[in-house]
Amino acid sequence: MAIIDSSQAQPEYDVAIVGSGAGGGQMAYTLTLAGLKCVMLEAGRSYDPPTQTAMLHRPDQTPLLNTPTPDKQMGFTDATVNGGWVIPDEPYTQASDKPEEQFSWWRPRMLGGRTNHWGRMSLRNGPYDFKPRSRDGLGFDWPISYEDVEPYYTKVEMLIGVFGTNEGMENTPNSPDGVLLPPPKARASELYMQKHVKPLGIPVISIHRAVLTRPLDADTIPAKLHPGNAWAQGIVADSMRARGACFWATDCHRGCSLRANYQSTTVHLPPALATGNLDIIPNAHAREVTLSKDGKATGVVYIDKTTGREARVKAKVVVLAASSGETVRILLNSKSPSFPQGIGHGNGLVGKYIMDSVGASVGGQIPALENLPPHNEDGAGGPHLYIPWWLYKEQLAGKLNFPRGYHVEFNGSRAMPGGRNPLPDDLARGAYGTKFKEEARRYYGSNVGYTVRGDMIPNENSFAELDPEVKDKWGIPVLRWHWRWSDHEINMADHGVKTFAAMIEAMGGTVRSRKGLSGKEAIEGGGKVIHEVGGAIMGDDPKKSVCNSRNQMWDVKNLFLCDGAPFASDADKNPTLTIMALAWRAGDYIIEQARKGAL
């Protein structure tokens, strides 16, 4: 079993998985190592990071100086190819003409999905994040607790490799001793900021990111992940030994030919393929889940993009892990006499309560960081420190005008020069020739930027539905998006940008970008953070949710949703680690039920 085309698919599989990113990759890993025969449908092209990653190209060595193009919408070196905000032949529509009520939908369309170019921030949801309504009366509680998911957070961290420290902060869970890898040293701008915002009561600690700062312990970890399964342990150990540690160069968004950072394509899929239990069909654009007369899922109908023809795979269990928006699209298009409005939509909740992380940013210039001696600050390809939410007690006491928190990510190092004008005109002040070069060196690395990553509360005005008229190239109805930030998120963004201005001033700097903006002006548009979750939320009541606590659909017991769609809330923690943990948990349940013959 391997990467195949649609004509080579087996007559039937144990499990069909739609999507190859964090949820799909984790599900393939879990199920194949337990002996189940799986097929994975990927809507985009195949991708092999060790041979196709632009690891060591400087921006000035890339086409158009790494400027975004229609097929490389985040620049030549970004891992995503043929995906992005706009995909030819696969449109989506907006219900409103107002920009602030529109949703920007990023679709990667390649093997590994968004895991190829994400920031690798791997933060656990805390206990409050699973029970937010019990705390502030808003949104929904999850039907599970932190304690239910904790063992799977630990297993995922051991498998993918996450660096960081345990700080014991409120609602920012520690990992068990020995699980996290050592963090890299902080950069100059991070240390300077940490020192100068401390009087403001703002904590700055090591971030948790899925990058290997040293090789994984392939001699002991596999046995902890797969006790009693020597065959699985051997496969996982071989895969771990094939991964190199980070050598502190290049941006993680490029992907990693050393397999040092986590990508589904370098961590989950190699051992899954090595089992011989996985077939992957690229360029397979899923249309609908098929059902038997007794209401069980029997497989997936898809379009083979290489031929334009309809094809299908049959399976005893179906897993949708295509991203929350894509999963909603597939469910709503899966119409039958039993489900005339789409699978699971009898209560009208498929597509409802879409969320994205709140984003708002401010940039500044710090004189103390001028004229630093030349040194390599590439580091682990992203931030080494971050600011977790620190005002829970003030929030609980009613001292803030928004109920949920945000964490802060930042940049400010001597990153690889971009190949463009290195000096804004107002800082150059007319300098020319040698003087211009001197000024460029002086200011290089002295600019900083801070951004909110906040918790959005689900609301009735943010959802996706099928457009009644527009279809894609293959005649499949597309999604139409509705979007609305509430005052909760706008007030959060306002707090963030004001906090960032105070931080820059505390560092002796000057705010240079987005100065003086209100929260309403500063907040990023829906979807821009690329953290969309929700649309098929989990719960303990079939009338008020789409799936149960095991990611299992109430209406179709052998259909599981293992991306961000089941999220009942959108914590201030990046969602990827939680997607993987829940997928592993659901995978274990599928294995257990399959052995009982219950699916």
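Key figures
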{"read-out": "Segment 456-466, residues that are part of a loop (DSSP other than H, G, I, E, B) and either open to solvent by 10 Å² or more (accessible area, probe 1.4 Å) or among the hydrophobic types (A, V, I, L, M, F, W, C) (or both)", "value": "Ile457, Pro458, Asn459, Glu460, Asn461"}
{"read-out": "Matching option when the condition is within 21 Å of Pro388 (Cα to Cα), at pLDDT 95 or above and buried (at least 18 other Cβ atoms within 10 Å of the Cβ), among Ser175, Ser145", "value": "Ser175"}
{"read-out": "Meets criteria (hydrophobic (A, V, I, L, M, F, W, C), surrounded by fewer than 21 Cβ atoms within 10 Å (Cβ to Cβ) and over 19 Å from Phe163 (Cβ atoms)) for Ala286", "value": "no"}
{"read-out": "Pro151 in contact with a Lys or Arg (Cβ under 9 Å, 6 or more places away or on another chain) and not basic (Lys, Arg)", "value": "yes"}
{"read-out": "Residues that are among the acidic types (Asp, Glu) and either on the phi > 0 side of the Ramachandran plot or under 22 Å from the mean Cα position of the chain (by Cα) (or both), drawn from segment 529-543", "value": "Glu532"}
{"read-out": "Considering residues of segment 247-274 that are touching a residue at least 60 places away in the same chain (Cβ under 8 Å), in a loop (DSSP other than H, G, I, E, B) and open to solvent by less than 20 Å² (accessible area, probe 1.4 Å) only, the residue nearest to Gly161 (Cα to Cα)", "value": "Tyr262"}
{"read-out": "Members of segment 28-57 that are in contact with a Gly (Cβ under 7 Å, 6 or more places away or on another chain) and either free of Cβ contacts under 8 Å to residues at least 40 places away in the same chain or polar (S, T, N, Q) (or both)", "value": "Thr30, Thr53"}
{"read-out": "Segment 225-241, residues that are at negative phi and not in a helix (DSSP H, G or I)", "value": "His226, Pro227, Asn229"}
{"read-out": "Positions within segment 212-246 being farther than 17 Å from Lys155 by Cβ, without any contact (Cβ under 8 Å) to a residue 40 or more places away in the chain and open to solvent by less than 60 Å² (accessible area, probe 1.4 Å), in sequence order", "value": "Gly234, Ala242, Gly244, Ala245"}
{"read-out": "Positions within segment 9-35 being at positive phi and surrounded by fewer than 24 Cβ atoms within 10 Å (Cβ to Cβ), in sequence order", "value": "Gly35"}
{"read-out": "Pick from segment 72-111, criterion farther than 24 Å from Lys473 by Cα and part of a loop (DSSP other than H, G, I, E, B), ranking: modelled with the highest pLDDT", "value": "Lys98"}
{"read-out": "Candidates Ala218, Ala210 - the one that is within 24 Å of Asn174 (Cα to Cα), within 21 Å of the chain's Cα centre (by Cα) and modelled with pLDDT of 95 or more", "value": "Ala210"}
{"read-out": "Residues that are in a loop (DSSP other than H, G, I, E, B) and either among the aromatic types (Phe, Trp, Tyr) or under 35 Å from the mean Cα position of the chain (by Cα) (or both), drawn from segment 433-452", "value": "Tyr444, Gly445, Ser446"}
{"read-out": "Pairs with Cβ under 6 Å, 6+ apart, first in segment 282-300 and part of a loop (DSSP other than H, G, I, E, B), second basic (Lys, Arg)", "value": "Pro282/Arg45; Asn283/Lys305"}
{"read-out": "Meets criteria (over 27 Å from the mean Cα position of the chain (by Cα), farther than 30 Å from Tyr406 by Cα and among the hydrophobic types (A, V, I, L, M, F, W, C)) for Ala223", "value": "yes"}
{"read-out": "In segment 545-561, the residues that are touching a helix residue (DSSP H, G or I) at 6+ places or on another chain (Cβ under 8 Å) and charged (D, E, K, R)", "value": "Arg550, Asp555"}
{"read-out": "Which listed residue, of Ala315, Ala322, is in a loop (DSSP other than H, G, I, E, B) and either open to solvent by less than 30 Å² (accessible area, probe 1.4 Å) or at pLDDT 95 or above (or both)", "value": "Ala322"}
{"read-out": "Near pairs, Cβ below 8 angstrom, 6+ apart or cross-chain, from segment 550-570 (farther than 13 Å from Leu349 by Cβ) to any residue that is at pLDDT below 95", "value": "Val556/Gly295; Lys557/Leu599; Asn558/Leu599"}
{"read-out": "First in segment 1-27 and closer than 28 Å to Trp118 by Cα, second anywhere and open to solvent by 40 Å² or more (accessible area, probe 1.4 Å) and part of a strand (DSSP E or B), Cβ under 8 Å, 6 or more apart", "value": "Val15/Lys316; Ala16/Lys314"}
{"read-out": "Scan of segment 575-599 for residues that are in contact with a Gly (Cβ under 7 Å, 6 or more places away or on another chain) and assigned to a loop (DSSP other than H, G, I, E, B), ordered by number", "value": "Pro575"}
{"read-out": "Residue that is more than 22 Å from the chain's Cα centre (by Cα), buried (at least 16 other Cβ atoms within 10 Å of the Cβ) and either modelled with pLDDT of 95 or more or among the polar types (S, T, N, Q) (or both), where the choices are Gly526, Gly519, Gly475, Gly508", "value": "Gly519"}
{"read-out": "Tally of residues being in contact (Cβ under 8 Å) with a residue 40 or more places away in the chain and either outside any helix (DSSP H, G or I) or surrounded by fewer than 16 Cβ atoms within 10 Å (Cβ to Cβ) (or both) across segment 488-505", "value": "1"}
{"read-out": "Some residue of segment 65-72 being over 21 Å from Thr265 (Cβ atoms), of a type in the set (Asp, Glu) and open to solvent by 20 Å² or more (accessible area, probe 1.4 Å)", "value": "no"}
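Each row is one residue, and each column tells you yes or no for (1) farther than 30 Å from Thr250 by Cα; (2) in a loop (DSSP other than H, G, I, E, B); (3) in contact with an Asp or Glu (Cβ under 6 Å, 6 or more places away or on another chain); (4) β-branched (Val, Ile, Thr).
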{"position": "Ser336", "(1), (2), (3), (4)": "yes, yes, no, no"}
{"position": "Pro340", "(1), (2), (3), (4)": "yes, yes, no, no"}
{"position": "Ile343", "(1), (2), (3), (4)": "yes, yes, no, yes"}
{"position": "Gly346", "(1), (2), (3), (4)": "yes, no, no, no"}
{"position": "Leu349", "(1), (2), (3), (4)": "yes, yes, no, no"}
{"position": "Lys352", "(1), (2), (3), (4)": "yes, yes, no, no"}
{"position": "Val362", "(1), (2), (3), (4)": "no, no, no, yes"}
{"position": "Ala368", "(1), (2), (3), (4)": "no, no, no, no"}
{"position": "His375", "(1), (2), (3), (4)": "no, yes, no, no"}
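The values are calculated or read from the model by the stated rules, or taken from the named source; none is laboratory data. This structure is a prediction, so every number in the text was calculated from the model and none was measured. Positions of Cβ are backbone-derived with ideal geometry, glycine not excepted, and every protein chain shown enters the neighbour counts. Accessible surface is based on the protein model in full, side chains and every heavy atom, while ligands, DNA and RNA are left aside. Shrake-Rupley method; radii C 1.70, N 1.55, O 1.52, S 1.80 Å.
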